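What follows is one structure encoded as structure tokens, with my remarks underneath.
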Amino acid sequence: MLIEKYKLDQYNNDILNDHKRKFEFVASSIKNPEKILQKLVDFQIAIPSWALGTGGTRFGRFAGGGEPRSLEEKIEDIGLLHKLNNCSGAISLHIPWDIPTNANNIKALAAQHGIRFDAMNSNTFQDQAGQERSYKYGSMQHIDKGVRKQAIEHNIEVIKYGIELGSESLTVWLADGSNFPGQLNMRKAFQNTLESLQEIYAELPDNWKMFVEYKAFEPNFYSTTVGDWGQSFLYASKLGPKAYTLVDLGHHLPNANIEQIVALLLMEEKLGGFHFNDSKYSDDDLTVGSINPYQLFLIFKELVEGMDARGMNHATDLGWMIDASHNVKDPLEDLLQSVEAIMIAYAQALLVDAKELEQAQLANDVVRAQEILQGAYRTDVRALIAEARLRGGAALEPLKLYRQLKVRENLIKERGLKTVATGL
Ligand code: LRH
Ligand code: MN
């Protein structure tokens, strides 16, 4: 479904005065509004190709209808999101769920929608039909060299698809681990995994990055071979300068201080990017900012401070990706909310006066430091982000326009109720 420009402009015009009033109020209360606006306009978030349909759990899945039936329709859906908020200008593919049958056609279609290809994701956590060797007991950690070789070859194949599409990074998430004490020699598992990643690393084009994604548990529930930031940092450091860690917000043990992990990985130049989502218990893959928006703000505060300390380009030097699953919400509405939550946290972090905060820290003025942070966090920046969208030709209120245009109803008319998108 395409959104006609005139309908979007009409919608914006109807609420423009109200918006201008709110924007002028927030712009008058902050330093450098134009500098911040430009950063918001430049900031693009990659949408996961595997999260455009309804997700589920082992207890059930309740399909919503109108889901994309092909990679082409997934790109159209992301194009629709990007038309509405002008900050969803990238897709992250998962292979083999989204093998591009004709890379040039896929690339051309994506370009039409202003979509570029972010990190490619490999999959050695499921056995595909006709697959020679099983990943039941792991992939790159596996005791059987043949299984490790199969996993290595799959990742090299994924890099090839990415090169054809213009992607410049590979995310490797391994389900590898064990369910019971004694099941696995964890030192050998580390060594096998490192050697396997080294063979893949050797095939990376010069301008590519490899993101090593860690996760505390699931699907293995005793040990995970890339189980935390320290292990991922170890792999990335041993692999070389093109290897980095990837922080999926849902992959930590309860109460982990993720913003501290982010600050250190960024300082050590080994932070590659993010899989944004939110969670209350474990890898819940909920809407970004829906459970713990203050933590998301604190993470972006460390990102802005750490990136500025190294003179990094906020928009391009790290991988900004969502990784969520939609069990009860319309997938596109959920993604619109997630992108909005990320932009809000980033905008609030840009309001933190780093000099003032440093003064308070140097004076051990703990109360003042908290006031500076929470002053930024409690600033309603929604009109700033809406203004950034307006300047980018997008909707002032994407979710409301999405509903007003009855997008889901139209997609169901177009695609039917029973369509199922590939992915989780
Ligand atoms: C694992 C994970 C990983 C994926 C998958 C879809 O939990 O976060 O990033 O490949 O979800
Ligand atoms: Mn992830």
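Looking at Asp127, Asp118, just one residue is touching a Ser or Thr at 6+ places or on another chain (Cβ under 7 Å), at pLDDT 95 or above and surrounded by fewer than 20 Cβ atoms within 10 Å (Cβ to Cβ), and that residue is Asp127. The single condition from (1) more than 27 Å from Leu318 (Cβ to Cβ); (2) β-branched (Val, Ile, Thr); (3) without any contact (Cβ under 8 Å) to a residue 40 or more places away in the chain; (4) not in a loop (DSSP other than H, G, I, E, B) that Ile78 fails is (1).
Here Asp353 clears all of (1) surrounded by fewer than 22 Cβ atoms within 10 Å (Cβ to Cβ); (2) within 18 Å of Leu246 (Cβ to Cβ) except the condition numbered (2). Name every residue in the stretch 211-248 that is buried (at least 16 other Cβ atoms within 10 Å of the Cβ), more than 14 Å from ligand 1 (Cβ to nearest atom) and closer than 24 Å to Ile163 by Cα, in order of residue number. Of everything in the stretch 211-248, those that are buried (at least 16 other Cβ atoms within 10 Å of the Cβ), more than 14 Å from ligand 1 (Cβ to nearest atom) and closer than 24 Å to Ile163 by Cα turn out to be Tyr235, Ala236, Leu239, Lys242, Ala243, Tyr244.
Just so you know, in the stretch 266-325 the residues that are aromatic (Phe, Trp, Tyr) and not in a loop (DSSP other than H, G, I, E, B) include one that is surrounded by the fewest Cβ atoms within 10 Å (Cβ to Cβ), and it is Tyr294. Is it the case that the stretch 187-194 has a residue that's surrounded by fewer than 20 Cβ atoms within 10 Å (Cβ to Cβ) and touching a helix residue (DSSP H, G or I) at 6+ places or on another chain (Cβ under 7 Å)? Checked the stretch 187-194: at least one residue is surrounded by fewer than 20 Cβ atoms within 10 Å (Cβ to Cβ) and touching a helix residue (DSSP H, G or I) at 6+ places or on another chain (Cβ under 7 Å). The set of residues in the stretch 394-420 being touching a Lys or Arg at 6+ places or on another chain (Cβ under 7 Å) and either within 16 Å of ligand 2 (Cβ to nearest atom) or at pLDDT below 95 (or both) consists of Thr419 alone. Under the condition of being in a loop (DSSP other than H, G, I, E, B) and within 16 Å of ligand 2 (Cβ to nearest atom), which residue from the stretch 167-186 is surrounded by the fewest Cβ atoms within 10 Å (Cβ to Cβ)? Only one residue fits best here, namely Ala175. The sole residue among Glu269, Glu302, Glu358 that is touching a helix residue (DSSP H, G or I) at 6+ places or on another chain (Cβ under 9 Å) and charged (D, E, K, R) is Glu302. Does the stretch 372-386 include one or more residues that are assigned to a helix (DSSP H, G or I), of a type outside the set (A, V, I, L, M) and either touching a Pro at 6+ places or on another chain (Cβ under 9 Å) or within 16 Å of ligand 2 (Cβ to nearest atom) (or both)? So far as the stretch 372-386 goes, yes, one or more of its residues are assigned to a helix (DSSP H, G or I), of a type outside the set (A, V, I, L, M) and either touching a Pro at 6+ places or on another chain (Cβ under 9 Å) or within 16 Å of ligand 2 (Cβ to nearest atom) (or both). A count restricted to the stretch 112-166 and to residues that are of a type in the set (Ser, Thr, Tyr), closer than 17 Å to Ala189 by Cβ and assigned to a helix (DSSP H, G or I) stands at 0.
The values are calculated or read from the model by the stated rules, or taken from the named source; none is laboratory data. From a predicted model like this one, the values you see are computed outputs, not experimental measurements. Every residue, glycine as well, gets a Cβ built from its backbone with ideal geometry; the counts of neighbours run over all protein chains shown.
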